[in-house]
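> Take a look at this one; I'll ask things after.
The values are calculated or read from the model by the stated rules, or taken from the named source; none is laboratory data. Predicted model only: the values in this text are computed from it and were never measured. Cβ: placed from backbone, ideal geometry, glycine included. Neighbour counts: every protein chain shown.
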């Protein structure tokens, strides 16, 4: 596979990201002094991990001008902060955030990896130090929580003693392995793979908030650089997700007002959805309607309440402002998640009547059958999570509070100038 050139963090550290199909985890390299992402040795190790099914991230801990200062090469605080930058980047990129993360450090890079693991305890699943100087991370060792493997050459008595001293300070699960000839990479890599296999287990992904999920979606959309983007949210929950995307794309934000029509005595079960527009319509989940035997008159009665709520929200959220024309634009349709997909299907139908050149459906999480069905109605679908088991959207968020109207109004006001400047 061809690694992707990336730039990491505020220092724009150059890196190479390799993504095999369906990666089982991500190995982030913290190399030693005078080594770079282009080192044949580092690339050989990375390719071995890739063959084992791991994504890899090689990056330069120092810029070229910084590497000229020999003091920086041994500044573990500085090097560790750069590993932290890389860890944070992986947690905020849609391609890597869901992968369990391991750190592979060599020489002084091992100390940098351990200091970073101590700083980002919840992000790092395992650490491997190869021929490293973990003793240089002494101020951070007792704060490391990730299981740590120390691999040392059997003939290097001085480094072995330093590793043993460092291991005694580690409070996390740890192992020290002697390799008779540490230059024999195959033996070292076999130990490292076994360690990562044991400790980098799939993890349940939960978004911190709707805004955090929106930033992850935004990273995927920025790479696609859609022409003339226009972002539509399904309020209330979709508004903070869509706002992050609109900011990242410097795009206007508008609303598609759609409301679920709940079944009699089972309001969480969607008979379909009501959606506004020049021609308000009802989109039905025919299987559920048939299974429950709900008559058309009852559906229309239930829908009338949702249309009234739609009109209330339009006046409140948009203050009577007309919809932005989607004619000839890339319309990005956003919600905080999809369960049955009834409301989203209705929104797609309404959006198609507005004449966009292309429709992209973008959601943080969706039931797999729903996203498969809806994907056939749009040009492109981005769903960060499509879990096998799906009970409700809220289980995938730490903060899934019920949004109040005031929050949506404030978001829409923040985009008012951009809406006003948008030409049909």
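> Just the residues that are within 16 Å of residue 213 (Cα to Cα) and touching a strand residue (DSSP E or B) at 6+ places or on another chain (Cβ under 8 Å), please, taken from the stretch 368-398.
381, 382, 383, 384, 385, 386, 387, 393, 396, 397, 398
> Now for a different question. Does the stretch 166-188 include one or more residues that are closer than 20 Å to residue 106 by Cα, in the same structural domain as residue 114 (by TED's automatic domain parsing) and touching a residue at least 60 places away in the same chain (Cβ under 8 Å)?
yes
> Which ones in the stretch 401-424 are touching a strand residue (DSSP E or B) at 6+ places or on another chain (Cβ under 9 Å) and either part of a loop (DSSP other than H, G, I, E, B) or over 20 Å from residue 245 (Cβ atoms) (or both)?
First, pick out the residues of the stretch 401-424 that are touching a strand residue (DSSP E or B) at 6+ places or on another chain (Cβ under 9 Å): 408, 411-412, 414-415, 418-419, 422.
Listed by number, the residues that qualify are 415, 422.
> Now for a different question. Can you find a residue that is at pLDDT below 95, assigned to a loop (DSSP other than H, G, I, E, B) and within 23 Å of residue 123 (Cα to Cα) anywhere in the stretch 186-201?
Scanning the stretch 186-201, I find at least one residue that is at pLDDT below 95, assigned to a loop (DSSP other than H, G, I, E, B) and within 23 Å of residue 123 (Cα to Cα), so the answer is yes.
> Among the residues of the stretch 39-68, which ones are in contact with a strand residue (DSSP E or B) (Cβ under 9 Å, 6 or more places away or on another chain) and over 15 Å from residue 1 (Cβ atoms)? Show your work before the answer.
Start the filter on the stretch 39-68 by keeping residues that are in contact with a strand residue (DSSP E or B) (Cβ under 9 Å, 6 or more places away or on another chain), which leaves 39, 41-43, 45-47, 49-50, 54-63.
The answer is 39, 41, 42, 45, 59, 60, 61, 62, 63.
> Okay, next question. What single numbered condition from (1) assigned to a helix (DSSP H, G or I); (2) under 30 Å from residue 133 (Cα atoms) fails to hold for residue 178?
For residue 178, the exception is condition (1).
> Only one residue in 365, 378, 371 is in the same structural domain as residue 215 (by TED's automatic domain parsing) and either modelled with pLDDT under 95 or loosely packed, with under 13 Cβ neighbours inside 10 Å (or both). Which one?
371
> In the stretch 7-40, what residues are free of Cβ contacts under 8 Å to residues at least 12 places away in the same chain and not in a loop (DSSP other than H, G, I, E, B)?
7, 40
Residue-by-condition table, conditions (1) in a loop (DSSP other than H, G, I, E, B); (2) in the same structural domain as residue 219 (by TED's automatic domain parsing); (3) surrounded by fewer than 21 Cβ atoms within 10 Å (Cβ to Cβ):
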{"site": "42", "(1), (2), (3)": "no, no, no"}
{"site": "65", "(1), (2), (3)": "no, no, yes"}
{"site": "71", "(1), (2), (3)": "no, no, yes"}
{"site": "81", "(1), (2), (3)": "no, no, yes"}
{"site": "86", "(1), (2), (3)": "no, no, no"}
{"site": "95", "(1), (2), (3)": "yes, no, yes"}
{"site": "99", "(1), (2), (3)": "yes, no, no"}
{"site": "104", "(1), (2), (3)": "no, no, no"}
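Per-residue answers, yes or no, for (1) outside the structural domain of residue 310 (by TED's automatic domain parsing); (2) within 21 Å of residue 404 (Cα to Cα); (3) in contact with a helix residue (DSSP H, G or I) (Cβ under 9 Å, 6 or more places away or on another chain); (4) crowded, with 24+ Cβ neighbours inside 10 Å:
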| site | (1), (2), (3), (4) |
| --- | --- |
| 240 | no, yes, yes, no |
| 247 | no, no, yes, no |
| 252 | no, no, yes, no |
| 257 | no, yes, yes, yes |
| 260 | no, yes, yes, no |
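> Exactly one condition in (1) outside any loop (DSSP other than H, G, I, E, B); (2) under 29 Å from residue 248 (Cβ atoms); (3) in contact with a helix residue (DSSP H, G or I) (Cβ under 8 Å, 6 or more places away or on another chain) is not met by residue 111; state its number.
All conditions pass for residue 111, except number (2).
> Follow-up question, since we're still on this one. Restricting attention to the stretch 133-148, does a residue exist that is buried (at least 19 other Cβ atoms within 10 Å of the Cβ), outside any helix (DSSP H, G or I) and modelled with pLDDT under 95?
Looking through the stretch 133-148, at least one residue is buried (at least 19 other Cβ atoms within 10 Å of the Cβ), outside any helix (DSSP H, G or I) and modelled with pLDDT under 95.
> Considering 268, 300, which residue is over 20 Å from residue 393 (Cα atoms) and surrounded by fewer than 17 Cβ atoms within 10 Å (Cβ to Cβ)?
300
> Going through the stretch 79-108 one residue at a time, which ones are over 30 Å from residue 383 (Cα atoms) and in contact with a helix residue (DSSP H, G or I) (Cβ under 6 Å, 6 or more places away or on another chain)?
79, 80, 105
> Then there's this: Go through the stretch 342-358 residue by residue and tally those that are farther than 19 Å from residue 272 by Cα and buried (at least 22 other Cβ atoms within 10 Å of the Cβ).
Summing the residues that are farther than 19 Å from residue 272 by Cα and buried (at least 22 other Cβ atoms within 10 Å of the Cβ) in the stretch 342-358 gives 1.
> Next question, about the same structure. How about the stretch 320-353: which of its residues are within 16 Å of residue 254 (Cα to Cα) and free of Cβ contacts under 8 Å to residues at least 60 places away in the same chain?
Passing the criteria: 320, 322, 348, 352.
> Among 252, 267, which is more than 22 Å from the chain's Cα centre (by Cα) and at pLDDT 90 or above?
Testing whether each residue is more than 22 Å from the chain's Cα centre (by Cα) and at pLDDT 90 or above leaves just 252.
> Scanning for something under 23 Å from the mean Cα position of the chain (by Cα), more than 25 Å from residue 200 (Cα to Cα) and in the same structural domain as residue 89 (by TED's automatic domain parsing), does the stretch 14-30 turn up at least one residue? Even if it seems obvious, please write down each step before you answer.
Within the stretch 14-30, the subset under 23 Å from the mean Cα position of the chain (by Cα) is 14-30.
Cutting the leftovers down to more than 25 Å from residue 200 (Cα to Cα) gives us 14.
Restricting the remaining residues to those that are in the same structural domain as residue 89 (by TED's automatic domain parsing) gives 14.
Checked the stretch 14-30: at least one residue is under 23 Å from the mean Cα position of the chain (by Cα), more than 25 Å from residue 200 (Cα to Cα) and in the same structural domain as residue 89 (by TED's automatic domain parsing).
> Report yes if residue 58 is free of Cβ contacts under 8 Å to residues at least 60 places away in the same chain and either part of a strand (DSSP E or B) or surrounded by fewer than 14 Cβ atoms within 10 Å (Cβ to Cβ) (or both), otherwise no.
Yes, satisfied.
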